[in-house]
Amino acid sequence: MLRNSQLSYGRVARGLHWLCALAVIAALAIIELKGFFPKGSAARGALSYAHIQAGLIVLLLVLPRLAWRLGNPPPAITPAPSPLMKQLSHAGHWALYALMLALPVLGIAFIQANGREVAFFGLALPALLPTDPALGRPLKEIHELLGNALLWLSILHAAAAVWHHAIVKDNTVTRLIGPLR
């Protein structure tokens, strides 16, 4: 089933969720790994390139994911969560979507503000900003701050899934991955 049903997410929603998750994990892991290499080294440059590509993949995936989400209501959680838990869940999910949109855009902006080209696997992206290193620095700081927020929100998201499955024993996780045997 491609579309969401009343009981579970469809193949499209599942696929987009896990592809986004993998791209986010890759971008976060790569940028953390980059710190272990000296500035100017080939390895550090390769990791920067890989981080940018992973971030651009996140951007390319989150756009159809948002469109699909808006057109396909999520299946109900059984038993139903409290109104507060439902609000927290919605806030967390929309914050994740916002971060998955904002971080790649900010990344593109600070790189271009610093006078460098951004390319997606060799295809140059159009310039969004003129060269302005004074603007590039605060954009990079915001990008890094929001990147840390995405890291911690992703950890909280995964922990909440485990909590729902192991403690609350609702269908939050099985709606997305199917029954666990």
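Proximity of backbone amide H atoms, modeled 1.01 Å from N, is registered between A119 and L125 at under 5 Å, excluding neighbours fewer than 5 places apart on the same chain. Spherically averaged projected area of the convex hull of Cα atoms, the range 116-181: 7.5 nm². What residues from the range 90-127 fall in the zone where the backbone N is under 19 Å from a label point 7 Å along the Cα-to-C-beta line of I167? Residues passing the 19 Å test: 90-93.
Between the Cα long axis of helix 42-71 and the first principal axis of the chain there is an angle of about 40°, rounded to the nearest 10.
Counting every pair of alpha carbons in the chain, the share spaced more than 31 Å apart comes to 25 percent. Remark: spin-label model distance V12-T174 equals 2.6 nm, labels positioned 7 Å along the Cα→Cβ axis. Solvent-accessible area of L47, all protein chains in place: 30 Å² (probe radius 1.4 Å, heavy atoms, ligands and nucleic acids excluded). Between A127 and L60, the simple spin-label model (points 7 angstrom out along Cα→Cβ) gives 2.4 nm. Taking K86 as the anchor, which aspartates and glutamates have their alpha carbon closer than 14 Å to its alpha carbon, excluding any fewer than eight residues away along the same chain? The reachable aspartates and glutamates, counting only those whose Cα sits under 14 Å from K86, are D170. Whole-percent P(r), the range 52-142, all Cα pairs, 5 Å bins from 0: 3, 12, 17, 18, 15, 11, 9, 7, 5, 3, 0. Using heavy atoms of the protein chains and a probe of 1.4 Å, the accessible area assigned to K140 is about 80 Å².
The values are calculated or read from the model by the stated rules, or taken from the named source; none is laboratory data. The structure displayed is predicted, hence computed values, not measured ones. Glycine also receives a Cβ, built like all others from the backbone with ideal geometry; neighbour counts cover every protein chain displayed. Side chains included, ligands, DNA and RNA excluded: accessible areas come from the protein's heavy atoms. Shrake-Rupley method; radii C 1.70, N 1.55, O 1.52, S 1.80 Å.
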